[in-house]
Amino acid sequence: MSQFTEIAHNGLWKQNPGVVQLLGLCPTLAVTTTVVNGVSLGLATALVMAASNGAVSPVRKFVPDEIRVPVFILVIAALVTMIDLAIHGFAEPLHKVLGIFIPLIVVNCIVLARVESFAAKNAPAPAIWDGFMMGIGLTVVLAFLGGIRELVGKGTLFSGLDLALGPQFKTYILTVIPDYQGFLLAILPPGAFLGLAGLIALRNWAEIRKTKPNVAATGALKPSH
Amino acid sequence: MPETIIRHASKTAITLMAFAIVFTTLMAYVFNVTKAPIEQSEAAARMSLFRQIMPEHMHDNDLLIDTVDIPPNPLLGTTQNTVANIARIQGQPTAIILEAIAHDGYSGDIKLLLAIQADGVVSGVRVITHKETPGLGDYIDIAKNNWIKLFDGQSLHTYSEADWRVKKDGGKFDYMAGATITPRAVVSAVHKALQYVVQNKQVLFTAQVNQQPSAQAEKK
């Protein structure tokens, strides 16, 4: 596997921030009431992560070890502020939906974690790719979690699409279960924990299934020790 | 030995300062570039909200500039100065757009924006922010339900004192099963705001034209 495919594989599956590293749970749990909210915040995070990894990697050799964390936080906070201002200025409807969550990306530890563990040790191109793929991995988890919660909680999918992209997208909102009374648990915070637990279990199950032959092989070898 | 420590420390400090200067400059630059678009889009967002609660033909002035400061008042539920916008036709006040806050919602404050005509009739009401339970109390939000339009065209004359309540309390306002506290709070907040406007009609509708844009006044 080339370095770039491996980075992508890490971000999307092996080290997925949402269901494996379990970093960045604050937005994961808070915003995923709909698919649109989850995906929007996921993409914003991916953008911030690519930008912060890209900003830190070229200067990694000039940052003394003792102050690397303050410098990284400075870089991340500045980038988030700039992206927040840009979204506010040029995509007002999106800002209305994501408003309070964008500044929260600063405290999302996945951003600092990737800067510290990857960008500080690698060249800019792989670092940007790593930040972006980690962000996309998180986006996928947020999309699934948002989908589950929206479907179970409200019986719809993609609601709020018109707020994010424009009124003409209103027709894409699916009412999967008509006349649905709603299931409040899924929308409220417990729904986020239950949904995330389900996704983690699903991922672990898939992983175990994939590696089962190896498990059996090592198991068979054990008695000979 | 101390010299190397000092040299090392100052080198570290200078590096950190360099980063701070570079990124502060970048942020200042982006802030400047986005300042005008942000103000524009905020003004546009406010205007589109005004459009929802007051028909365009009710004013020929610039609502965003024609403002009046309203001191805190228990009838409005406000604890700080708020900015109200006055609608005029050829200088004559036709309506006022003001904020009111209901503190007795199910969870947290419910912030309302009301347009009340000079003759004391409600032109429209919208909930700006609320933390009511999703799926139960959030039907006060126009995005979920048209309930809030029940107030359109009502005044202290169309409904008596006792009518300004939800039906469960003997009034005229519908509510939905499962959430009475939320609409009760909204109905009472609109009622009180209406009383405030009627009581202070002279002051509100004869106020001098304030040339400060409301967006700036709000930032205080």
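Computed values, structure above
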quantity	calculated
Matching residues in region B:143-169 - criterion: being crowded, with 18+ Cβ neighbours inside 10 Å, touching a residue at least 24 places away in the same chain (Cβ under 8 Å) and out of contact with any Gly (no Cβ under 7 Å at 6 or more places or on another chain)	B:147, B:148, B:150, B:151, B:154
Index of the failed condition, residue B:172 passing every other in (1) touching a strand residue (DSSP E or B) at 6+ places or on another chain (Cβ under 9 Å); (2) surrounded by fewer than 17 Cβ atoms within 10 Å (Cβ to Cβ); (3) modelled with pLDDT under 85	(3)
Any pair with Cβ under 6 angstrom, 6 or more apart, that starts in region B:76-105 at a residue that is under 22 Å from residue B:185 (Cβ atoms) and assigned by TED's automatic domain parsing to the domain that holds residue B:48 and ends at one that is surrounded by fewer than 20 Cβ atoms within 10 Å (Cβ to Cβ) and among the small types (Gly, Ala, Ser)	none
Of all residues in region A:180-198 being of a type outside the set (Gly, Ala, Ser) and more than 14 Å from chain B (Cβ to nearest Cβ), the one that is surrounded by the most Cβ atoms within 10 Å (Cβ to Cβ)	A:196
Whichever residue in region A:31-46 is within 14 Å of chain B (Cβ to nearest Cβ) and in a helix (DSSP H, G or I) and, among such residues, is farthest from residue A:143 (Cα to Cα)	A:31
Extreme residue, nearest to residue A:6 (Cα to Cα), among residues of region A:16-54 that are among the small types (Gly, Ala, Ser) and buried (at least 24 other Cβ atoms within 10 Å of the Cβ)	A:18
Qualifying strands (runs of 3 or more DSSP E) (wholly inside region B:1-107; at least 2 residues being modelled with pLDDT of 90 or more and either within 14 Å of another protein chain (Cβ to nearest Cβ) or over 30 Å from residue A:55 (Cβ atoms) (or both))	B:82-89, B:92-102
Qualifying positions in region A:95-138 - outside any helix (DSSP H, G or I), touching a residue at least 24 places away in the same chain (Cβ under 8 Å) and not basic (Lys, Arg)	A:108, A:120, A:122, A:123
Every residue from region A:57-67 that is part of a helix (DSSP H, G or I) and within 10 Å of another protein chain (Cβ to nearest Cβ)	A:59, A:62, A:65, A:66, A:67
Flag for residue A:141 being among the β-branched types (Val, Ile, Thr), part of a helix (DSSP H, G or I), more than 11 Å from every other protein chain (Cβ to nearest Cβ) and more than 13 Å from the chain's Cα centre (by Cα)	no
Residue list for region B:193-204, restricted to those being over 15 Å from residue B:124 (Cα atoms) and either part of a helix (DSSP H, G or I) or of a type in the set (A, V, I, L, M, F, W, C) (or both)	B:195, B:196, B:198, B:199, B:201, B:202, B:203, B:204
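A quick yes/no check of all residues on (1) within 11 Å of chain B (Cβ to nearest Cβ); (2) under 22 Å from residue B:19 (Cβ atoms):
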{"site": "A:75", "(1), (2)": "yes, yes"}
{"site": "A:80", "(1), (2)": "yes, yes"}
{"site": "A:91", "(1), (2)": "yes, no"}
{"site": "A:96", "(1), (2)": "yes, no"}
{"site": "A:104", "(1), (2)": "no, no"}
{"site": "A:107", "(1), (2)": "no, yes"}
{"site": "A:112", "(1), (2)": "no, yes"}
{"site": "A:122", "(1), (2)": "no, yes"}
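The values are calculated or read from the model by the stated rules, or taken from the named source; none is laboratory data. Just so it is clear, the model here is predicted, and its values are computed rather than measured. Note that each Cβ is placed from the backbone with ideal geometry, even for glycine, and that neighbours are counted across all protein chains shown.
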